[in-house]
Amino acid sequence: VSDRLIITRRAAVGLTAIILLMLSGKWLVDFFATGPRSEMVKKITGFYRHKEDAALIGLEYLDSAPDEADSDKLIDLLCHGDSENYRRLADADWNEAHAIILAQQHMDFSRGRIVDVSGWLLSETEARVCALTALAISATE
Amino acid sequence: MFIDARSVPEGSAVSSDICIIGAGAAGITLAREFNGQKMNVCVLESGGLEFDATTQSLYKGENTGPLTIGLDTERVRYFGGTTNLWAGACRPLDPDDFGARDWIPSSGWPFKRTELEPCYKRAHKLCGLGPFDYDINDWIRDPKDNPRCFIPFDNGRLATTLFQMVPRKPDDLRRFGSVYRQDLKASENIKVYLFANVTKLVSNDGAELTNVTVNTLSHNPFSVFARIFILATGGIENARILLLSTDIQEAANAYDLVGRYFMAHLELKNVGVFLPSPTVSMQYFRDNNSDAKRVDVGKCRKKSINWDGATDAVLTISEKLRHEHKLVNFTVALEEFTPTMPPAPPRGSSLSKLSSRSPDSLLFHLSRVLADSDDREAGIAKEASWQGKQLVAYRLTNTSETTPNPNSRVTLARETDQFNCNRVALNWTLSDIDLESLQRGYRIIGQEVGRAGLGRLRSSVPTRFEGSTSKKRTVFWSQHHHMGTTRMHADPKKGVVDANCKVHGTSNLFIAGSSVFPTSGCATPTLTIIALAMRLADHVKGKLL
């Protein structure tokens, strides 16, 4: 086996390892830094005391956005796909988490991030929190 | 003096300095302005002093367009004109209604509102209104003094504006035909001919009117000669009489503009719902909604407002925001309703067993969700303030400007009336921007009430236009305000009358009334009609005296 072949094989193994590490990195960071996502779902859906009311609004929203009917996707969307936002929400206690959601709702309205749920003009965040609540209730049935 | 035109000998000629055709808001205002002046004035009114079905039937016509109006029900044909039906809500056009807006084709008046303001103030006096001031902050006391006076929509982006209502007591000042009857009857220089229908404007050279042909239902045609003629028969009839008058077609209608650009304020009932946050006081609007509580609204009035008439408050978008988003002008009336609040879904309910979903049921679900958000905001863990009580929400009714559209027009129908004159045909058409702008506008209101923490809004502005017929009335309604058919513009290629309301191409024919409005704004038009009539009277007096 020539030296060139050995070098090529080692480079390929190294590259593969790097790619695998990159792919698993986000999950690893998320898992070790914040714990499982189910905790996150509980924290977010705890925002509304009237969960059944929120869930019905959430179902209405999901009718118009069926591609969002996935808890992980909704959490990513609620964090705007930003790992920093995710970490902040994950690290927050319940009260802090609710303050974050409320602030984000207000920011949605300021920036025009509103959705039409059967004519009702809601912030993207509140519609998605409601949708997450609907999925969480459905999952327990 | 009042004269029954049916008693005038057939073929006779009446002479006057000024001939006013029509005795509605504009015609009576003009006549009052000329009362006691050194000029003879002749007022020609189609009807008598009371309603008469045969005379009223002269207004019958044909709706040929996708939207219809009640041609013989939205206008009134007897002394006093349509003020006989007037609700009495007054507001001037907004300053930007007079300007050219690049997103509204053919917009812009030949003068600014400041030019009309002295006449607006005179019109206020005539109508018994309060100060010429429509800024809510100048009217309403600080809510710190009285929490009932809190105005939720007043943050520089959303605004609350007022309509002043013409007093009904001791005299009903809305009814010009009753209130000013005695003045005109006693006048020494004014003769009012009742039952006198103008069928034609006559000119020898096509530019200067010599006389008008008058007829009555008793068929005794006669002529009225004058130095100056003022057509004041309303937003539709002004155009019809011009179109019927072949002698002046070449001059007055050289650019085929007469009858075009018909506009009417568009009313959309139940165009949305406003659900206030539980922590937001809507007391002022609640009081404002209730006739019985108008006195409470009065208690919110600043002492500097030395007027005890009624007002109506409506929601609107600030001029800045309207321009930023290139919107038409519109106002939103809020009507309180109290649907019965069903109990909250039991905790742990199966979603599939919960009540069926609908926009109405969403109102209840959203009210509880919104209360949860508010609690968080306030940092107080409490049940929703209306838990177990009645939910209060507000239905929205829109009144909006419709934009000038040359295809929206009055023409002559084939059918003729009792005088063998063609009846009117109306093709009322909207432009795409009219609805599209409202959809965006309501979305902006929804955004703004959310941003300000006032609540949530449901918009149901139709996404497309559907016509209304006698069989099927849609959400689209005319507000009985007919405008634009003899529009005002300095350029004869773009308007029928000039800035002084003189018909282009003629020397002595003027037009009064809402037919001269180049754009409609969203304010009720009568105050502007009166102010313009006063301005025209000043101009005519300057010419004759």
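The values are calculated or read from the model by the stated rules, or taken from the named source; none is laboratory data. From a predicted model like this one, the values you see are computed outputs, not experimental measurements. Positions of Cβ are generated from backbone atoms using ideal geometry, with glycine treated the same way; all protein chains shown enter the neighbour counts.
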Item to complete: For segment A:117-132, name all the residues that are within 11 Å of another protein chain (Cβ to nearest Cβ) and within 15 Å of A:ASP63 (Cβ to Cβ).
Response: A:VAL117, A:SER118, A:GLY119, A:TRP120, A:LEU122, A:ALA127, A:CYS130
Worksheet item: Looking only at segment B:452-503, which residues are at pLDDT 95 or above, among the small types (Gly, Ala, Ser) and buried (at least 17 other Cβ atoms within 10 Å of the Cβ)?
Response: B:GLY484, B:GLY495
Item to complete: Scan segment B:4-40 for residues that are of a type in the set (A, V, I, L, M) and under 26 Å from B:TRP86 (Cα atoms) and report the count.
Response: 8
Worksheet entry | Output for segment B:177-225, where each listed residue is under 19 Å from B:MET1 (Cβ atoms) and of a type in the set (Asp, Glu) | B:ASP183, B:GLU188
Worksheet, complete the sentence: When B:PHE330 is run through (1) under 27 Å from B:THR160 (Cβ atoms); (2) out of contact with any His (no Cβ under 7 Å at 6 or more places or on another chain); (3) modelled with pLDDT under 90; (4) surrounded by 15 or more Cβ atoms within 10 Å (Cβ to Cβ), the failure sits at (3)
Worksheet entry | Options B:SER507, B:SER520: the member that is among the hydroxyl-bearing types (Ser, Thr, Tyr) and either surrounded by 20 or more Cβ atoms within 10 Å (Cβ to Cβ) or assigned to a helix (DSSP H, G or I) (or both) | B:SER520
Fill in: Total residues in segment B:447-461, condition within 26 Å of the chain's Cα centre (by Cα) and either assigned to a loop (DSSP other than H, G, I, E, B) or without any contact (Cβ under 8 Å) to a residue 40 or more places away in the chain (or both)
2
Practice prompt. From B:ASN238, B:ASN270, grab the single residue that is touching a residue at least 60 places away in the same chain (Cβ under 8 Å) and over 30 Å from B:ASN204 (Cβ atoms).
Written response: B:ASN270
Worksheet entry | Hits in segment A:98-116 - residues which are farther than 16 Å from B:GLU448 by Cα and more than 7 Å from chain B (Cβ to nearest Cβ) | A:ALA99, A:ILE100, A:ILE101
Discussion item. Give all pairs with beta carbons closer than 7 Å in which a residue from segment A:38-61 that is touching a residue at least 12 places away in the same chain (Cβ under 8 Å) and more than 9 Å from chain B (Cβ to nearest Cβ) meets a residue that is basic (Lys, Arg) and assigned to a helix (DSSP H, G or I); count only pairs at least 6 apart in sequence or on separate chains.
Written reply: A:THR45/A:LYS51
Discussion item. Please determine whether any residue of segment B:10-23 is crowded, with 16+ Cβ neighbours inside 10 Å and in a helix (DSSP H, G or I).
Written reply: no
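Yes/no per residue for (1) at negative phi; (2) within 18 Å of the chain's Cα centre (by Cα); (3) without any contact (Cβ under 8 Å) to a residue 12 or more places away in the chain:
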site: B:VAL43; (1), (2), (3): yes, no, no
site: B:ASN63; (1), (2), (3): yes, no, no
site: B:PRO66; (1), (2), (3): yes, no, no
site: B:THR73; (1), (2), (3): yes, yes, yes
site: B:PHE98; (1), (2), (3): yes, yes, no
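Listed here are the residues, each with its yes/no results for (1) in contact with a helix residue (DSSP H, G or I) (Cβ under 7 Å, 6 or more places away or on another chain); (2) more than 25 Å from B:LEU370 (Cβ to Cβ); (3) assigned to a helix (DSSP H, G or I).
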residue: A:ALA54; (1), (2), (3): yes, no, yes
residue: A:ASP67; (1), (2), (3): no, yes, yes
residue: A:ASP72; (1), (2), (3): yes, yes, yes
residue: A:ASP76; (1), (2), (3): no, yes, yes
Worksheet item: Do any strands (runs of 3 or more DSSP E) entirely within segment B:171-285 hold 2 or more residues that are surrounded by fewer than 20 Cβ atoms within 10 Å (Cβ to Cβ) and modelled with pLDDT of 95 or more, and if so, which?
Response: B:197-203, B:209-215, B:222-231
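Yes or no, residue by residue, for (1) at negative phi; (2) within 20 Å of the chain's Cα centre (by Cα):
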{"site": "B:PHE2", "(1), (2)": "yes, no"}
{"site": "B:SER16", "(1), (2)": "yes, no"}
{"site": "B:ALA23", "(1), (2)": "yes, yes"}
{"site": "B:ALA26", "(1), (2)": "yes, yes"}
{"site": "B:LYS38", "(1), (2)": "yes, no"}
{"site": "B:SER57", "(1), (2)": "yes, no"}
{"site": "B:LEU85", "(1), (2)": "yes, yes"}
{"site": "B:GLY88", "(1), (2)": "no, yes"}
{"site": "B:GLY108", "(1), (2)": "no, yes"}
Discussion item. Taking the criterion of being within 21 Å of B:PHE364 (Cα to Cα) and over 17 Å from the mean Cα position of the chain (by Cα), would at least one residue in segment A:64-84 satisfy it?
Written reply: yes
Discussion item. Let me confirm something: among B:LYS144, B:LYS112, which residue is more than 30 Å from B:PRO492 (Cβ to Cβ) and of a type in the set (Lys, Arg)?
Written reply: B:LYS144
Discussion item. Looking only at residues that are among the hydroxyl-bearing types (Ser, Thr, Tyr) and assigned to a helix (DSSP H, G or I) in segment A:92-131, which one is surrounded by the fewest Cβ atoms within 10 Å (Cβ to Cβ)?
Written reply: A:SER110
Worksheet item: In segment B:134-154, what count of residues is obtained for those that are touching a residue at least 60 places away in the same chain (Cβ under 8 Å) and either on the phi > 0 side of the Ramachandran plot or loosely packed, with under 14 Cβ neighbours inside 10 Å (or both)?
Response: 2
